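Working notes, structure below.
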Amino acid sequence: GSQEDLDSASLDDVKDFFRRFYSPSNASLSIAGDFDSDQARRLVELYFGEVPPGPPIDRVARLESGLRGETSITVRDKVQLPRLYLVWPACPMFDPQEAPLDLLAAVLGDGKSSRLHRSLVYEKQIAREVSVYSDSQEIAGEFRIQVTASPGHTLEESQEVVEEELARIRREPPTEEEVSRAKNRIESQHVRQLERFGGFAGRADQLNHFNVFAKDPGVINTDLDRYMTVSAEEVTRAAQSFLSGDRVRMAVLPESAAKPSTQSVDRSVMPKSSAPGQYGTPVAARHRFQNGLSLLHVEKRGIPLVAVGMLLRSGAMKDPADRPGLAHMTAAMLLEGTVTRSSQQIAEETEFLGAHLDSTAAREHVSLSVETLTANWRKALGLMADVARNATFP
């Protein structure tokens with residue numbers, strides 16, 4: 001829609017929209033967690049059973065874009081750095097091309113070792129950040145590349161590099177290692193989402209998603225299969241098919257002067273809190289090694305994830321008086337290289353495993369942690385151990 005659509009809408013339009021779409025016959029209810037299913041069914045029937053169904057809805061199965069050629073837009077906004085958006089029409093959810101497009105997005109822009117991040121941010125340092133998304137929705141989708149320029153550099157510089165990488169991936173398939181890395185990251189993300197019962201992309205949300213759009217909530221257990229079988233050649237064919245000249249280019253540039261917001265809020269009024277829920281904390285098994293290292297182990301079944309954290313009792317409080325910030329600098333530099341691995345190699349191995357490797361400093365400690373799929377935990381732990389024992393702080 002547009003601002004004109006909103007301005008022309010009447011109260012009757014809003015009520016008609018509500019009556020048409022907000023009804024049980026157009027809704028899906030997912031309940032996930034620890035509860036009695038028979039009692040839940042009775043409660044749902046009690047509170048929602050008498051709500052009448054809505055009218056039949058004529059649905060659009062697929063909407064093809066009418067975009068032809070390139071549309072260029074320039075916008076000035078309250079931002080500090082210029083940002084480039086390149087957007088192409090793509091496919092809807094569960095289209096055969098959705099999985100290749102998702103893998104294409106991962107190869108181009110997911111993680112420090114992705115092609116565009118490596119080139120724009122790490123090597124040439126002409127961009128502050130880059131992200132690539134393939135966003136498939138019910139009747140259509142879009143493929144988006146977003147680049148924020150570094151201070152002193154233009155969007156045109158970044159776009160030239162983007163165009164070179166797009167031409168390369170349309171010309172030749174990505175490597176098998178790049179495809180495997182993308183698959184591992186997609187699988188890892190899916191498993192992490194299943195660890196949560198509620199919230200965005202948690203189990204309840206995903207069950208609703210597959211129930212509504214795939215007509216089968218059981219697809220939550222099989223949806224990954226279509227990603228695991230995609231080949232490097234299919235990724236290139238997706239780039240050739242979708243990343244053509246039919247696109248929107250939008251440049252968002254900083255305004256010449258920024259003004260503070262006039263909106264005010266009474267910050268002395270605290271929001272009301274709800275009663276705390278009941279939760280039983282798992283009991284950790286304790287082990288102590290001969291070298292003095294203490295190990296705490298907690299087993300959580302159901303999700304194939306392993307998380308390892310190392311806590312060092314030396315934080316910002318131990319900073320020398322003449323070197324404030326030393327603990328934070330140490331934590332920030334831990335992942336920048338070891339005796340046998342460069343910063344880029346650490347990022348590549350971490351992302352290939354679908355893992356998250358992180359280091360942080362606090363007031364009383366420095367922590368190093370890694371989270372990964374159970375199948376990859378030994379390799380991920382080895383990588384973390386190398387960082388902990390052999391960091392070179394280049």
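A few points about this structure:
- Applying a DSSP loop filter and a limit of 12 other Cβ atoms within 10 Å to the chymotrypsin sites (Phe, Trp or Tyr not before Pro) in the stretch 1-81 leaves Tyr22, Phe35.
- When each of the peptides 333-345, 294-306, 107-119, 268-280 is scored by how many other beta carbons lie within 10 Å of its residues on average, the order from highest to lowest is 107-119, 333-345, 294-306, 268-280.
- Long-range Cα-Cα pairs in the stretch 287-390 (distance over 17 Å), rounded percent: 58 percent
- Value of relative contact order over the stretch 81-221, rounded to a whole percent, pairs C-alpha under 8 Å and six or more apart: 23 percent
- In terms of surrounding Cβ atoms within a 10 Å radius of their Cβ, Ile139, Ile73 rank from fewest to most as Ile73, Ile139.
- Between Gln125 and Leu81, full extension at 0.36 nm per residue minus the direct alpha carbon distance yields a gain of 14.4 nm.
- Calculated FRET value between Asp358 and Ala61, using beta carbons and R₀ = 45 Å, to 0.05: 0.55
- What the Cβ-Cβ distance of Glu172 and Tyr279 gives, at R0 = 56 Å and to the nearest 0.05, is a FRET efficiency of 0.60.
- The alpha-carbon of Lys124 sits under 17 angstrom from the alpha-carbons of these lysines, leaving out residues fewer than 8 places away in its chain: Lys112.
- Likely footprinting exposure, Val161, Val132, fewest C-beta neighbours within 10 Å first: Val161, Val132
- The charge dipole of the stretch 287-390, taken about its Cα centre with unit charges on the Cβ of Lys, Arg, Asp and Glu (plus for the first two, minus for the last two), comes to roughly 420 debye.
- Distance from the alpha carbon centroid of the stretch 276-302 to that of the stretch 67-90 works out to 49 angstrom.
- P(r) weight above 19 Å for the stretch 337-394, C-alpha pairs, percent: 27 percent
- What the phi angles of the stretch 277-286 give under the Karplus curve with 6.51, -1.76 and 1.60, with θ = phi - 60°, is a coupling list of x, 8, 8, x, 6, x, 8, 7, 7, 10 Hz, glycine and proline written as x.
- Applying a length cut-off of 18 Å (Cα extent along the axis) and a mean Kyte-Doolittle floor of -0.5 to the DSSP H helices of the chain leaves 377-390.
- Cβ-derived FRET efficiency at R0 22 Å, Phe213 paired with Val51, nearest 0.05: 0.45
- Cross-link partners of Lys300 among lysines (Cα-Cα below 28 Å; sequence separation of 8 or more within a chain): Lys183, Lys379
- Sorting 181-192, 220-231 by average packing, meaning the other beta carbons within 10 Å per residue, from highest down gives 181-192, 220-231.
- Loop-located trypsin sites (Lys or Arg not before Pro) across the stretch 1-72 with a Cβ neighbour count of 13 or fewer within 10 Å are Arg59, Arg62, Arg68, with loop assigned by DSSP.
- Spread over its residues, the convex hull of the C-alpha atoms of the chain is 245 Å³ per residue.
- Per-residue [θ]222 nm for the chain (sum of -39500 (n - 2.57) over DSSP H runs n ≥ 4, rounded to 500): -10500 deg cm²/dmol
Read the figures in this text as sums done on the coordinates, not as results from a lab. Being a predicted model, the structure only gives us computed values, none of them experimental. Cβ sites come from the backbone with ideal geometry, for glycine too, and all protein chains shown count toward neighbours.
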